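The values are calculated or read from the model by the stated rules, or taken from the named source; none is laboratory data. Treat the numbers as computed from the prediction; the structure is a model and nothing was measured. Every residue, glycine among them, receives a Cβ derived from its backbone with ideal geometry; neighbour counts consider all protein chains shown. With ligands, DNA and RNA removed, areas are computed over all heavy atoms of the protein, side chains included. Shrake-Rupley method; radii C 1.70, N 1.55, O 1.52, S 1.80 Å.
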Amino acid sequence: MANLLSIKDLKVHFSLKSGLLSKKRETIKAVDGISFAIPKGTTVGLVGESGSGKSTTGRAIARLTPITSGEVWYEDTLLSNLKSSQMFPFRKKIQMIFQDPFGSLNPRMTISSSIEEPITVHHKSMTVSQRKEKVAYLLDKVGLCADMMHRFPHEFSGGQRQRIGIARALSADPEFIICDEPVSALDVSVQAQIVNLLKDLQSELGLTYLFIAHDLAVVEHMSDTLLVMTEGTIVEQGDAKVICSNPELSYTKKLIDAVPVL
């Protein structure tokens, strides 16, 4: 199976002042030389504790965070070498679903306007009526009613807002979606609904996911391949079910033991 994404020796370092009055600077190695590939149509799960560098990895791949060094390939295109203006065609292909659905939606915009915005940017030839039809189609696709499109984000529950965030990510017709902790802010019962929705959409639309989370139980259900990350490096990787059933490292075992049993 061909790789859609290939990450080679990716590094993201931040230079910060060591103190309020100090002139010295220290380097924070958020991501420190990681390599992996994401085959088309599959899900790669990226897990680790808070501060391990997993969200920074996702943002670096999408070029939302500057890359210190390394390579990010999208098929045969080296994204990490492109200027910001050259990234425009890939903004359509690469989308993100964020952890906080309320924070990722403009509270002053209706749901219709939020979903329609990427359509307007990436599908300039579509008429107003065609864009509205697509918004209605996307809302139905994520399990919401089309007559909700004129409401505002505060009128929805957390789970409904995440469905809206998924519809917004789909509006540009992407091939690859980075799911950055998409269910961690939701109730357990709602988490299962969103995970199943993402799996159904992947099967129907042929999507490829990077699924970032700290809950191994969710990632195991969602992923084909699992990457375990700590302190900016990948310490274990392989088949998701194999790692979750028989982890090699004590760090991975601790992550598994930390999952609450209901």
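Points worth noting:
- Evaluated against (1) assigned to a loop (DSSP other than H, G, I, E, B); (2) open to solvent by 40 Å² or more (accessible area, probe 1.4 Å); (3) not charged (D, E, K, R), residue 221 falls short on exactly one condition, (1).
- Taking segment 110-218 as the region of interest, the helices (runs of 4 or more DSSP H) fully inside it that hold 3 or more residues being within 26 Å of residue 6 (Cα to Cα) and open to solvent by 50 Å² or more (accessible area, probe 1.4 Å) are 188-205.
- Residue in segment 129-139 that is of a type outside the set (Lys, Arg) and closer than 30 Å to residue 217 by Cβ present: yes
- Residues of segment 91-109 that turn out to be small (Gly, Ala, Ser) and open to solvent by 50 Å² or more (accessible area, probe 1.4 Å), as a count: 1
- Of everything in segment 6-50 that is within 16 Å of the chain's Cα centre (by Cα) and open to solvent by 80 Å² or more (accessible area, probe 1.4 Å), the residue that is farthest from residue 231 (Cα to Cα) is 40.
- Positions within segment 240-254 being open to solvent by 80 Å² or more (accessible area, probe 1.4 Å), under 12 Å from residue 217 (Cα atoms) and either in a loop (DSSP other than H, G, I, E, B) or small (Gly, Ala, Ser) (or both), in sequence order: 245
- Within segment 199-215, the set of residues being without any contact (Cβ under 8 Å) to a residue 24 or more places away in the chain and polar (S, T, N, Q) comprises 203 only.
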